[in-house]
1. Loop only by DSSP, 13 or fewer other Cβ within 10 Å of the Cβ. Give me the chymotrypsin sites (Phe, Trp or Tyr not before Pro) in the stretch 7-106 that pass, ordered by residue number.
2. Taking a ≥ b ≥ c as the square roots of the eigenvalues of the Cα gyration tensor of the stretch 3-125, is the shape rounded (a/c under 1.5), prolate (a/b larger than b/c) or oblate?
3. If you roll a 1.4 Å probe over the stretch 3-125 with all protein chains in place, what percent of the accessible area is carbon or sulfur?
4. As a test of the formula, what do you get for the chain when each DSSP H run with n ≥ 4 contributes -39,500 (n - 2.57) and the sum is divided by the residue count, at 222 nm and rounded to the nearest 500 deg cm²/dmol?
5. Residues of the stretch 96-164: accessible area per residue at 1.4 Å, in Å²?
6. May I ask you to list the chymotrypsin sites (Phe, Trp or Tyr not before Pro) in the stretch 118-164 that are in a DSSP loop and have at most 13 other Cβ atoms within 10 Å of their Cβ?
7. What whole number of Å gives the distance from the Cα centroid of the stretch 9-44 to the Cα centroid of the stretch 89-121?
8. For the stretch 40-79, which trypsin sites (Lys or Arg not before Pro) pass both filters: DSSP loop (anything but H, G, I, E, B) and at most 16 other C-beta atoms within 10 Å?
Amino acid sequence: MSIAICPGSFDPITLGHLNIIRRTSRIFDRVIVCVMYNSNKTSPMFSVEERIDMVQRAVYKYPNVTVDSSAGLLAEYAKQFPGAVVVKGLRAASDFEYEFQMNLINKKINPEMETMFLTSSGKYTFLSSSVVREMARYDADLKGLVPDEIIEDIREKAKQWRSS
Ligand code: PNS
């Protein structure tokens with residue numbers, strides 16, 4: 001059985017992420033979406049538990065997709081699934097530079113680990129979790145940026161932010 005791991009911080013999951021997950025689910029028998037820590041992103045909007053819950057509600061339509069989380073290294077996590085391939089989305093050349101470096105580090109830790117990249121759908125090239133967080137801060141319309149199932153979660157969290 002072919003297994004893909006789609007890692008990310010998903011703070012929050014966007015339609016760009018979901019597009020990559022959906023396309024990955026058509027290629028592999030099983031997809032594990034792994035909610036992880038990104039040490040460059042030190043003040044997340046959502047807790048890991050909240051992010052897992054939102055990802056679960058976003059992927060419910062895809063029967064071969066499950067959600068997991070890890071507070072460790074991706075390359076160590078992948079060792080649990082021998083032969084699994086890590087799949088990441090690439091939006092632009094700047095993503096590639098970062099991902100290329102990450103891939104080399106991950107290979108050093110786990111030489112068996114393979115990473116594949118799917119190019120982002122053109123309509124989501126501009127989209128990132130940080131864009132969504134920024135728009136939410138200003139109470140902008142999030143339709144078409146994140147799954148409908150989680151819009152209210154983000155609006156509610158942004159409201160708490162504004163009042164704190
Ligand atoms: O959605 P993101 O923030 O771009 O995802 C990045 C993520 C979480 C996949 C990356 O930061 C990661 O792999 N974190 C786990 C820790 C790790 O393995 N870091 C890279 C080697 S130092």
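The values are calculated or read from the model by the stated rules, or taken from the named source; none is laboratory data. Just so it is clear, the structure is predicted and the values come from calculations on it, not from any experiment. Positions of Cβ are backbone-derived with ideal geometry, glycine not excepted, and every protein chain shown enters the neighbour counts. We work out accessible area using only protein heavy atoms, side chains counted, and drop any ligands, DNA or RNA first. Shrake-Rupley method; radii C 1.70, N 1.55, O 1.52, S 1.80 Å.
1. Details: sites: Phe10, Phe28, Tyr37, Phe46, Tyr60, Tyr77, Phe96, Tyr98, Phe100; in loops: Phe10, Phe28, Tyr37, Phe46, Tyr60.
Qualifying residues, ordered by number: Tyr60.
2. Working: a/c = 1.17, a/b = 1.14, b/c = 1.02.
Rounded, because the longest to shortest axis ratio a/c is under 1.5.
3. Working: 3490 of 6370 Å².
That fraction is 55 percent.
4. Working: 6 runs with 70 residues, N = 164.
Counting only the DSSP helices, I get -13000 deg cm²/dmol.
5. Working: 4510 Å² over 69 residues.
Heavy-atom SASA per residue in the stretch 96-164 reads 65 Å².
6. On the way: sites: Tyr124, Phe126, Tyr138, Trp161; in loops: Phe126, Tyr138.
Within the stretch 118-164, the qualifying chymotrypsin sites (Phe, Trp or Tyr not before Pro) (loop, at most 13 other Cβ atoms within 10 Å) are Phe126, Tyr138.
7. If you average the Cα positions of each part, the centres end up 14 Å apart.
8. Working: sites: Lys41, Arg51, Arg57, Lys61, Lys79; in loops: Lys41, Lys61.
Passing sites in the stretch 40-79 are Lys41, Lys61.
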